[in-house]
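One structure below.
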Amino acid sequence: MAIGVFDSGIGGLSVHRRLVERFARADFVYLADQANTPYGGRPGEEIVALTRAGCERLFAEGCDLVILACNTASAIALRRLQQTWLPDIRATRGRPTNVVGIIVPTIEAATGLPWEHEAERRGDKVEKLDVLAVFATPATAASRVYEIEIDKRRQDVAVFVEACPDLAARIEAGAGRGELAALVAGHVAAVTRRIGRAPDRAILGCTHYEIISDVFRAALRPGTPLVHQPDATAEALASYLERRPEYDPGQDGRRVFLTTGEAGLQHTLAAEFWGGPLRFDPA
């Protein structure tokens, strides 16, 4: 089999690059739904339908395990697909099949706690809050997944989510560094005003944003730690494959890049991030 990696566009390359570094011999198929990107401003039902279609395409490509390298799809569609769609798919295919996301490993990394852990509620006053800023798409922000799930586990972490409506689309379009820096600086300033001070840590809660993590670092207070979704996802996948040997990641080092949009070479920003020319084939 191969491991499928799905995103609305080029953002998932940030996760994909870390995965191919960690699992050099594994076979990977990357699918970018560039015909419909970005997902962040779409209604929930559309996000579910588009994510399901992307997973179906990756299953058809020979993938048994698909990683949603997209916070919006993970926040809005993943649970629905796991509960109401995947059981029938498994029965039809007659073999192990699963779809996993990137929010669970990110929250585990941010809290330092396993997903199964829930904090015991106590009335004690928290002496010092760890203030965590999350930069996300409007759909991910509206889901409140980061506030809800982190609060379940850590009462000493205060989460402030900043919705960034146009940022993923501009990254997808290959906008220049100056334009992107101005957008990021505006969002960092906005969340800092809401907090009343600079955040202690930050999550780039859209995989597109990881592509310009250096721009975020420049806008945030110097030395602000970032919780890196690519690293967290790679660690989670390693653990998952160890526990679930029925999922064979392959041994040929195959790399396939597919797009629902315009096939061919990707723009300079994507190529610079990937480390060389990057060509997508039609999905």
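The values are calculated or read from the model by the stated rules, or taken from the named source; none is laboratory data. Keep in mind that this is a model prediction, so the values were computed, not measured. Here the Cβ positions follow ideal geometry from the backbone for every residue, glycine too, while neighbour counts run over all protein chains shown.
Summary of values
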item: When residues of segment 192-206 are limited to those that are closer than 22 Å to A69 by Cβ and not hydrophobic (A, V, I, L, M, F, W, C), the one nearest to the chain's Cα centre (by Cα); result: G205
item: Of all residues in segment 207-218 being in a helix (DSSP H, G or I) and buried (at least 19 other Cβ atoms within 10 Å of the Cβ), the one that is nearest to the chain's Cα centre (by Cα); result: T207
item: Condition broken by R193, with the remaining ones in (1) surrounded by 16 or more Cβ atoms within 10 Å (Cβ to Cβ); (2) outside any loop (DSSP other than H, G, I, E, B) satisfied; result: (1)
item: Filtered residue count, segment 1-53, keeping only those that are of a type in the set (G, A, S), surrounded by 24 or more Cβ atoms within 10 Å (Cβ to Cβ) and closer than 17 Å to A236 by Cα; result: 3
item: Where T224 falls short, out of the listed (1) in contact with a Leu (Cβ under 8 Å, 6 or more places away or on another chain); (2) part of a loop (DSSP other than H, G, I, E, B); (3) β-branched (V, I, T); result: (1)
item: Members of segment 37-60 found to be touching a His at 6+ places or on another chain (Cβ under 9 Å) and within 26 Å of M1 (Cα to Cα), listed by number; result: none
item: Condition met for R95 (within 22 Å of A232 (Cα to Cα) and of a type in the set (K, R)); result: no
item: Test: residue in segment 96-108 that is exposed (fewer than 11 other Cβ atoms within 10 Å of the Cβ) and not assigned by TED's automatic domain parsing to the domain that holds K152; result: no
item: Counted residues, segment 231-283 - those being of a type in the set (K, R) and more than 17 Å from V20 (Cβ to Cβ); result: 2
item: Lone qualifier among A73, A60 - being buried (at least 16 other Cβ atoms within 10 Å of the Cβ) and at negative phi; result: A73
item: Boolean, L81 is in a loop (DSSP other than H, G, I, E, B) and either crowded, with 16+ Cβ neighbours inside 10 Å or of a type in the set (S, T, N, Q) (or both); result: no
item: Qualifying position, being touching a strand residue (DSSP E or B) at 6+ places or on another chain (Cβ under 6 Å) and surrounded by fewer than 16 Cβ atoms within 10 Å (Cβ to Cβ), among P249, P225; result: P225
item: Odd one out for R170 among (1) without any contact (Cβ under 8 Å) to a residue 60 or more places away in the chain; (2) outside the structural domain of R18 (by TED's automatic domain parsing); (3) assigned to a loop (DSSP other than H, G, I, E, B); (4) within 29 Å of A53 (Cβ to Cβ); result: (3)
item: Residues of segment 230-265 satisfying the condition of being at positive phi and assigned to a strand (DSSP E or B); result: G264
item: Counted residues, segment 255-269 - those being more than 21 Å from the chain's Cα centre (by Cα) and closer than 15 Å to A60 by Cα; result: 0
